[in-house]
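Below you'll find the structure, written out as C-alpha cells, and then a few comments.
The values are calculated or read from the model by the stated rules, or taken from the named source; none is laboratory data. In this text the structure is predicted, and so the values were computed from the model without any measurement. As a convention, Cβ positions derive from the backbone with ideal geometry for all residues, glycine included, and neighbour counts pool all protein chains shown. Surface areas here come from the heavy atoms of the whole protein model, side chains and all, with no ligands, DNA or RNA. Shrake-Rupley method; radii C 1.70, N 1.55, O 1.52, S 1.80 Å.
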Amino acid sequence: WDVHEGDGLAHYARACTDITFRFPFGTQELMGIAARGNFDLTQHSEGSGKTLDYYDEQTKEKYIPHCIEPSLGVDRLVLALICSAYAEDEVNGEKRNFLKFHPKIAPVKVVVLPLLKNKEELVSVARELYDQLKMRWNVSWDASGAVGRRYRRADEVGTPFCVTIDFDTIEKDAGVTIRDRDTTEQIRLPIDEVIPYLSKQIDGY
C-alpha cells in the first residue's frame, strides 16, 4: 500500500492510503481510501445556507459528520484479476498459456464438447447436457475442431472444466469425460453424476 503524507495529500484529505497491486507493467493504485474529514458537508452547508450538523442525543453535542471515501475502479480490479490468473506451463512438450481462475469466479464454468459436430446422436446428448448445465452456471458450447484444440481454447479463457461426449457415451457406459483445466487430468463419470460433481467443484457443495 502507499500512504499519502504532506504534499501528497489532497487539500481536503486528513489522511489517504492507496491499496496497490503489482501489475506486470509496474505497481499501480488499485483502490484509494481517503479520510475527507467534514470538508464535503461543510462545503454543502456553506453553499446552501443550510446547516448539516448532527445532534448526538447521548452526548448532547452537535457536529458535522466526517466522510470516509473508498474509491475502487472496476476496470483495474478486473485487470488485476486477469493478471493474477495468468499462468504458463508445459503439456506434452508444448507451452500452454491459460487463465487459472478459481472456479467460483471463472466467467465460464464449463464447456460442453460433442466429439463430432456432424453426428446427431452425439450432438443431441451433448445439447441436452448443455441445456441442463446452463440452468446452473454460465457454460459454453464448442463443437468445432479437434478436441485438443478445443481444450486449449477453453484454457485460454479460464474455463475450469471441459465435458466431452464421445461414442462411449452413447454406445457403452452413458458416461462423459471431464477434464480439469489446471491439472489436465481427465475422469470418466456417468452423465447423471456430472452436475453433482461440478457443483462440488464449483460451488463447494
If I filter the stretch 175-204 down to residues being of a type in the set (A, V, I, L, M, F, W, C), farther than 10 Å from residue 103 by Cβ and part of a helix (DSSP H, G or I), which single residue comes out as least open to solvent (accessible area, probe 1.4 Å)?
194
Does at least one position in the stretch 100-107 carry a residue that is open to solvent by less than 80 Å² (accessible area, probe 1.4 Å) and either free of Cβ contacts under 8 Å to residues at least 24 places away in the same chain or part of a strand (DSSP E or B) (or both)?
no
Any residue at all in the stretch 89-97 that is open to solvent by less than 10 Å² (accessible area, probe 1.4 Å) and under 24 Å from the mean Cα position of the chain (by Cα)?
yes
Quick one: which of 24, 65 is open to solvent by 100 Å² or more (accessible area, probe 1.4 Å), in contact with a helix residue (DSSP H, G or I) (Cβ under 7 Å, 6 or more places away or on another chain) and at pLDDT 90 or above?
24
Determine, yes or no, whether residue 164 is open to solvent by 40 Å² or more (accessible area, probe 1.4 Å), among the hydroxyl-bearing types (Ser, Thr, Tyr), without any contact (Cβ under 8 Å) to a residue 60 or more places away in the chain and under 26 Å from residue 102 (Cβ atoms).
no
Need pairs with beta-carbon distance below 6 Å; first residue aromatic (Phe, Trp, Tyr) and within the stretch 189-200, second open to solvent by less than 70 Å² (accessible area, probe 1.4 Å); sequence gap 6+ or separate chains.
197/189
Residue satisfying all of: in the stretch 154-174; out of contact with any strand residue (DSSP E or B) (no Cβ under 8 Å at 6 or more places or on another chain) and not in a loop (DSSP other than H, G, I, E, B); farthest from residue 78 (Cα to Cα) among these:
171
